[in-house]
Amino acid sequence: MTFPLPRWIAHRGGGSLAPENTLAGIRLAAAMGFMAVEFDVMLSADGTPVLIHDETLERTTTGQGPVSATPDAVLFRLDAGGGEPVPRYADAVALCRQLGLLANVEIKPASGFERETAEAVARLSGELWQGAGVQPLISSFSLEALEIARDLAPQIPRGLLYEQVPADWWSVARRLGAVTMHCAADRLPTEVLAEARAHGIPVLCYTVNTAQDAESLFDRGVSAIFTDRLDLFAPETTPYKGLHLGG
Ligand code: G3P
Ligand code: MG
């Protein structure tokens, strides 16, 4: 399969220029010329996959308490910033497909909900992206979630996601059939980059918000960065390179 990995990926939808993890953010990223967006997906109390980063509602919405304890009837009435609702994952996929955006779907389970979240997101992803020219890239800090995604939606490429890359990352990548490795920009040892290059695995770094940091990472061989600073890195109209990922 071909996943045309761009150099810049808008983080949490529209980065810091729009309310995070909202459809407005995704629209803004596309309007600014981004080819790819990353967003976080968690389950509501009703088991609906929605876009949100924190396990609790306070920071990004007008609600209170854990997302996993909030029913849809309450959740979808909240303001996630600028009058935007918390989006259903299904609506975000429809929008990405309509806009022709690549999506990095980060499965972000509330703790204790790893299995349920991964099962729901993987199953729904298989349905929602059916027939799409380009599949999304699924990533997660939860290895259990990636294992479940591999088993339930093997056709969708997977990326390992780390803060600190462990020494055995490559054997984990092989076991999970991961095609990319994502890590914190300031926790990327040169040996890991060399190992990734040797195995043909693109490295994607988050969260990069200065041109200087981006340039230095690209110089070191990083393939793509996640950024909140859409204003710094847009517009982009051509893929950085077309990478053949997966089988
Ligand atoms: O997937 C890359 C990045 O989004 C991981 O960190 O906390 O912003 O989801 P976070
Ligand atoms: Mg994320």
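One residue alone among A10, A24, A36, A80 is crowded, with 23+ Cβ neighbours inside 10 Å and farther than 23 Å from F141 by Cα, and that residue is A80.
Here V208 clears all of (1) under 13 Å from Q164 (Cα atoms); (2) touching a helix residue (DSSP H, G or I) at 6+ places or on another chain (Cβ under 7 Å) except the condition numbered (1).
Pairs meeting the criteria (first residue in region 10-21 and part of a loop (DSSP other than H, G, I, E, B) and at pLDDT 95 or above, second residue within 11 Å of ligand 1 (Cβ to nearest atom) and of a type in the set (S, T, N, Q), beta carbons under 8 Å, at least 6 apart or on different chains) are H11/T207; H11/T227; R12/N21; G13/N21. The set of residues in region 66-80 being closer than 15 Å to T56 by Cβ and part of a helix (DSSP H, G or I) consists of V67, S68, A69, V74, L75.
Scanning region 22-38 for residues that are assigned to a loop (DSSP other than H, G, I, E, B) and of a type in the set (D, E, K, R) turns up nothing.
Can you tell me which residues in region 96-127 are surrounded by fewer than 18 Cβ atoms within 10 Å (Cβ to Cβ) and either among the hydroxyl-bearing types (S, T, Y) or closer than 17 Å to I26 by Cα (or both)? Selection gives R97, Q98, L99, G100, S111. What are the pairs with Cβ atoms under 6 angstrom where one residue, in region 67-92, is on the phi < 0 side of the Ramachandran plot and the other, located anywhere, is in a strand (DSSP E or B)? Sequence gap at least six, or different chains. Qualifying pairs under 6 Å: V67/M42; V86/V50; P87/L51; R88/V50; Y89/V41; Y89/P49; A92/L51.
Is one or more of the residues making up region 47-59 out of contact with any strand residue (DSSP E or B) (no Cβ under 8 Å at 6 or more places or on another chain), buried (at least 17 other Cβ atoms within 10 Å of the Cβ) and not in a helix (DSSP H, G or I)? Yes, that holds for at least one residue. In this structure, G159 does not satisfy being surrounded by fewer than 15 Cβ atoms within 10 Å (Cβ to Cβ) and either of a type in the set (K, R) or touching a residue at least 40 places away in the same chain (Cβ under 8 Å) (or both).
The values are calculated or read from the model by the stated rules, or taken from the named source; none is laboratory data. Computed from a predicted model, the values in this text were never measured in an experiment. Positions of Cβ are backbone-derived with ideal geometry, glycine not excepted, and every protein chain shown enters the neighbour counts.
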